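One structure below.
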Amino acid sequence: MNAFDPLSTSAAAPLLRVEGLSFRYGSNAPGEALKQVDFSLLAGRFHALLGPNGAGKSTLFGLISRLLRIQQGDIRLNGHSLKLAPARVLQGIGMVFQQSTLDLDLSVEENLHYHASLHGLGGKHRLERIETELSRIELLDRRRDKVRRLNGGHRRRVEIARALLHQPQLLLLDEASVGLDSHTRAQINRHIRRLCRNQGVGVLWATHLIEEIQPEDPVTLLHRGRVIADADANRICRDTGSQTLLQAFETLTRESSQDQGLVRPEALTS
């Protein structure tokens, strides 16, 4: 299979478009968890959603996956509105949650069979998809092992395989490397980037770990529920006069805090 070329999509419409998204947890909440969030993501790209704990990353993922109801704004996948066509949009999304949702007492294969059935996959096609994804993560020989026998990195790989069974266009990973050692984190990160290159999957990778981001990666920097930067990591560094993304992150979050959480992303992308 030829590698997917993300540059060929540069003039195309975004795969994912988040438009004016705001969200508040209850009428008595002290403030909005998300405030007029706008950004887009292209097919075949590894897009980092960077922010400290409490920035709103999990809230955003909850809205995209429809675990939370959209209050203001919209989310579009290939131009289709999540509010107007939720089933169509969700069919195109795979999700890996921060907390594991695998059944430890089922085998790897049984976990995947159950998830595939929820997406209407059956018969020979289901078996083929399970074998393909387990082969991709190099765990085909452990398909009959109970999940509780796997280490943390292998469990995370199974969750990624499970999220890809129905061949989604967009893969969401919410702090997917939390709790893993540095070597395993790097392995998972490389695996996801190969999916982008070879399969054309668009990836939104939420993290608070700056070392997981490469200089060419598109980055949406979220702080206190607002987008304070939206450009590739190199551009963010250059336009803030920073040597590293960590320095840029510290500068932007400090300025954002001083300005009630807002540094216009247009200043970084114009």
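Rule-based calculations on the coordinates, nothing more; no lab input. The model shown is predicted, which means the values in this text are computed figures rather than measured ones. Cβ: placed from backbone, ideal geometry, glycine included. Neighbour counts: every protein chain shown.
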Practice task
Over the chain, calculate the relative contact order: mean separation of alpha carbon pairs under 8 Å at least 6 apart, over the residue count, as a percent.
Solution key: 25
Exercise for the section: Compare the peptides 245-253, 223-231 by average per-residue count of other Cβ atoms within 10 angstrom and give them in order, highest first. Expected result: 223-231, 245-253
Exercise for the section: Tell me the trypsin sites (Lys or Arg not before Pro) within region 63-146 that lie in a loop according to DSSP and have at most 11 other beta-carbon atoms within 10 Å. Expected result: Arg69, Arg144
Completion exercise
One quarter of the C-alpha convex hull surface, i.e. the mean projected area of the chain in nm², amounts to 15.1
Practice task
State, to one decimal in nm, how far the label point of Glu19 lies from the label point of Ala85, with both points 7 Å from Cα in the Cβ direction.
Solution key: 1.3
Practice task
As a check on your grasp of the helix formula, calculate [θ] at 222 nm for the chain: sum -39500 (n - 2.57) over DSSP H runs of n ≥ 4, divide by the residue count, round to the nearest 500.
Solution key: -10500 deg cm²/dmol
Practice task
Show which lysines lie in cross-link reach of Lys57 when reach means a straight Cα distance below 17 angstrom and same-chain residues fewer than eight apart are skipped.
Solution key: Lys35
Practice task
Kindly state, to the nearest 0.05, the FRET efficiency for Leu106 paired with Asn198, given R0 = 22 Å and r defined as their beta-carbon distance.
Solution key: 0.15
Handout entry: Potential extension, Asp141-Arg69 segment - 0.36 nm per residue separation minus Cα distance
Key = 21.9 nm
Handout entry: Between 0 and 90°, nearest 10: helix 182-199 axis offset from the chain longest Cα axis
Key = 80
Fill in the blank from the handout: Along the dipole axis of the chain (charges at Cβ: +1 for Lys and Arg, -1 for Asp and Glu; origin at the Cα centre), the most positive-end residue among Asn78, Ser40, Gln91 is Gln91
Handout entry: Backbone N under 18 Å from the Ser242 label point (7 Å along Cα→Cβ), restricted to region 46-86
Key = 47-57
Problem - Degrees between helix 245-258 axis and first principal axis of the chain (Cα, 0 to 90, nearest 10) - result: 50
Exercise for the section: Considering the options Asn151, Leu102, Leu140, tell which one lies farthest towards the positive end of the dipole of region 102-166, charges being +1 on Lys and Arg and -1 on Asp and Glu at the Cβ, about the Cα centre. Expected result: Asn151
Problem - Ellipsoid semi-axes in whole angstrom, largest first, where each is sqrt(5λ) of the Cα gyration tensor of region 102-166 - result: 18, 12, 10
Handout entry: Pairwise FRET efficiency - Arg190 versus Asn234, Cβ, R0 = 25 Å, nearest 0.05
Key = 0.80
Practice task
For Lys124, list the lysines whose Cα falls under 25 Å from its own Cα; do not include residues on the same chain fewer than 8 positions away.
Solution key: Lys146
Handout entry: Cβ-based net charge around Phe46, under 13 Å, with every Lys or Arg adding one and every Asp or Glu removing one
Key = +1
